[in-house]
Amino acid sequence: MHNQSMKIKVLFRLRSLEMGGVQRVVLDLLRNLPKEKFDFTLMLNLYQGELINEIPQDIKVIVVEKGKEQMSLNPFIKKIQLAWRRIKLNFYSKFPTILYLLKVPENYDIEIASSYAEFDMVLKSPNKHSRKIAWFHTDVSYDVNQERAIERIEKMKKFDHVVFCAKYIRKVIEINYNVTYPSSSVIYNAIHVDEVRDKASESFLEYQNIGKPIFCSVGRLHSRKGYNMLIDVHNRLIKEGFKHSIVVLGDGEEKENLIKKINQLNLEETFKLLGTKINPYPYIKNANYFVLPTRSEAYPLVINEALALEKPIISTDVGGIPEMIDDEVDGVLIKYDENEMYESMKSFLINPSLVNEIIEGTKNAKMKFDENLIYKQVAEVFEQQYQLKLENERN
């Protein structure tokens, strides 16, 4: 067993802890990777977000700037505080040596960019001897700004190791951009089936006034997530007399446009945007079906969570999702296409035997979730990078 002085020191960089898949993955790793081997620190640019209270008690935290929640309630003062915070963050970005001098009291063996948002933060680290790891969760082929996508692909070359959250994510870079990374891994994001089921069992009355059956969806309200198309499909089905409701958990920049469309089509009673939920699992469990209409995705945790709750799933066949769902066994995969979405949702509504077959298929899905294997894979990457650091220092 490692003693305290021999533990591998690992620094996770994150912008903030707003609700999101990346943030949940980082917190899960901090909770479950072996503490006898690793000494973890979480460095947040902003101490804000719905998941702040989820930080494990035994994890050291470095805060660069305070969050909005800690600022003045006076709008004028808050505006000044936000402007001053932006100036300081820009200064630290330009002069990372000063940031580390003021905020980072020790050197680390490994520094991790938890997503592309943290690439520059880690690459600019003045700690030249640390091993730099990039975690990548994005399907770059769907980025409307291909210049930006190529920039991210190029930046990943500067890291000592890259972790991809799905085979598809790495493969699409190899095929579309002819780029490979000599040191890289594919490690799926972990979920805890028993924990998901426990949280899903909380007392739940939210659906009392919503018409059944219910399709539930969870995702960011962004144009590429497909909710605009889902409203159109829902409208078609309702007009044709197929009674059902849709509830969507999540928030984002597309919210106002979606609300406007829902109101224009008079769907307020049957298409509900319920906002972000810290515990989404009772909403998934108490719905009849789960639907993910996204145009692009990496490895969405919510698919595995819906499988763990034995929900029949309809999802677009994008990103790493085919690595998660066995088509027509424990879910239905479709193209990002309005007619395919319409036909698959209609088939769920009119064909209970199909739904029951898929529910039966989900009962074996737990075999796909081996969180201990995932933690073992992550630990092995960290230990391998640490050994390479020691070799470099000896040479």
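The values are calculated or read from the model by the stated rules, or taken from the named source; none is laboratory data. Keep in mind the model is a prediction, meaning the values are calculated, not measured. When we count neighbours, we look across all protein chains shown, and the Cβ atoms used for this are built from the backbone with ideal geometry, even at glycine.
Numerical summary
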quantity: Test: residue in the range 92-105 that is of a type outside the set (Lys, Arg), under 22 Å from residue 190 (Cα atoms) and modelled with pLDDT under 95; calculated: no
quantity: Test: residue in the range 227-238 that is touching a Gly at 6+ places or on another chain (Cβ under 9 Å) and closer than 23 Å to residue 318 by Cβ; calculated: yes
quantity: Within the range 175-203, tally of residues that are in contact (Cβ under 8 Å) with a residue 60 or more places away in the chain and not in a loop (DSSP other than H, G, I, E, B); calculated: 6
quantity: Criterion (aliphatic (A, V, I, L, M), over 21 Å from residue 377 (Cβ atoms), touching a residue at least 40 places away in the same chain (Cβ under 8 Å) and in a loop (DSSP other than H, G, I, E, B)) met by exactly one of 19, 43; calculated: 19
quantity: Residue check for residue 36: at pLDDT below 95, surrounded by fewer than 14 Cβ atoms within 10 Å (Cβ to Cβ) and out of contact with any strand residue (DSSP E or B) (no Cβ under 6 Å at 6 or more places or on another chain); calculated: no
quantity: So residue 311, is it on the phi < 0 side of the Ramachandran plot, in contact (Cβ under 8 Å) with a residue 60 or more places away in the chain, touching a Phe, Trp or Tyr at 6+ places or on another chain (Cβ under 7 Å) and not aromatic (Phe, Trp, Tyr); calculated: yes
quantity: Cβ-Cβ under 8 Å pairs, at least 6 apart or on other chains, the range 121-137 side without any contact (Cβ under 8 Å) to a residue 12 or more places away in the chain and part of a strand (DSSP E or B), far side surrounded by 18 or more Cβ atoms within 10 Å (Cβ to Cβ) and not polar (S, T, N, Q); calculated: none
quantity: Within the range 204-232, tally of residues that are of a type outside the set (Val, Ile, Thr) and either without any contact (Cβ under 8 Å) to a residue 40 or more places away in the chain or outside any loop (DSSP other than H, G, I, E, B) (or both); calculated: 15
quantity: Residue among 340, 360 that alone is free of Cβ contacts under 8 Å to residues at least 12 places away in the same chain, surrounded by 14 or more Cβ atoms within 10 Å (Cβ to Cβ), more than 17 Å from the chain's Cα centre (by Cα) and more than 30 Å from residue 110 (Cα to Cα); calculated: 340
quantity: Selected residue (criterion: surrounded by the most Cβ atoms within 10 Å (Cβ to Cβ)) from residues of the range 224-269 that are under 16 Å from residue 340 (Cα atoms) and of a type in the set (S, T, N, Q); calculated: 235
quantity: Hey, residue 272 surrounded by fewer than 21 Cβ atoms within 10 Å (Cβ to Cβ), assigned to a strand (DSSP E or B) and in contact with a strand residue (DSSP E or B) (Cβ under 9 Å, 6 or more places away or on another chain) or not; calculated: yes
quantity: Considering residues of the range 281-303 that are at pLDDT 95 or above and surrounded by fewer than 21 Cβ atoms within 10 Å (Cβ to Cβ) only, the residue nearest to the chain's Cα centre (by Cα); calculated: 282
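Conditions (1) among the β-branched types (Val, Ile, Thr); (2) touching a Ser or Thr at 6+ places or on another chain (Cβ under 6 Å); (3) within 28 Å of residue 223 (Cβ to Cβ), marked per residue:
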| position | (1), (2), (3) |
| --- | --- |
| 43 | no, no, no |
| 58 | no, no, no |
| 63 | yes, no, no |
| 88 | no, no, no |
| 125 | no, no, no |
| 128 | no, no, no |
| 140 | yes, no, yes |
| 145 | no, no, yes |
